[in-house]
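The values are calculated or read from the model by the stated rules, or taken from the named source; none is laboratory data. As the structure is a prediction and not an experimental result, all values here were calculated from the model. All Cβ positions, glycine included, derive from the backbone under ideal geometry; neighbour counts span all protein chains shown.
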Amino acid sequence: MNKEDPRNAVNGQTGRLIAKIVENLPPMSAKDMQAWIDSPLGVQRALKFALCPLEEVKSVFANFTLSLVQVERVARFVVAEHFKTGNGAGVVFRGFHPTFVSEFLDKVETDIPAAELIIHTLREDSSVLDAEIIAELGIRYETTLYHLWEMLKRQPTGVEKEARLGLPSSQSSAFYIRNNRGRLRVVSVDWNNDGWYILCTHKAGCSNVARVFSL
């Protein structure tokens, strides 16, 4: 009697596992499916967290307890009407990075649905690249300037609501947002003594970023 090739047994078991995953996929839109197709690292990370023992997967985030902030729907958000001094909401700005001014200030965001913003705290020993952060966040890593604005409105003058909002006063919080040309940027915010400073960069994987926001 011929013994079964162990490689065939592994392949057969792998096939059965894939079939079971497909059979139990949650309902999702074609857009979300395509987003996962376009993010193989995200799929890999999601499967690791879902299927592997936790001790085998080291998260870039400090824990699995995520804060949620409710944000209402808005039909139209004109960036220049809000990200300025004397904005009417009492948000105190210290300044804006030149790249933010050139790539975002003329932007108008439209038809943004109601959502729950998730606050992720990076590990203190974390020194990671954007690809690792995005892969762990999954397909909903992108946010908007409207979302950032809504967070600033809850903490207009710095630290008095820090615990509720989750924007630390001494370190930056990062948002993945597309600029006026549709290119993904990292927009970060931190409180600089007398106001919020808005920075735009190409990466978030640096030691000064404490928290990352996603949907």
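The C-beta contact set for the range 145-171 (first residue among the aliphatic types (A, V, I, L, M), second residue buried (at least 19 other Cβ atoms within 10 Å of the Cβ) and at pLDDT below 90, distance under 6 angstrom, 6+ apart or interchain) comprises L165/Q155; L167/Q155; L167/S173. Taking the residues in the range 70-106 that are surrounded by 14 or more Cβ atoms within 10 Å (Cβ to Cβ) and charged (D, E, K, R) as candidates, determine which candidate is nearest to Y176 (Cα to Cα). Residue satisfying both the conditions and the ranking: E103.
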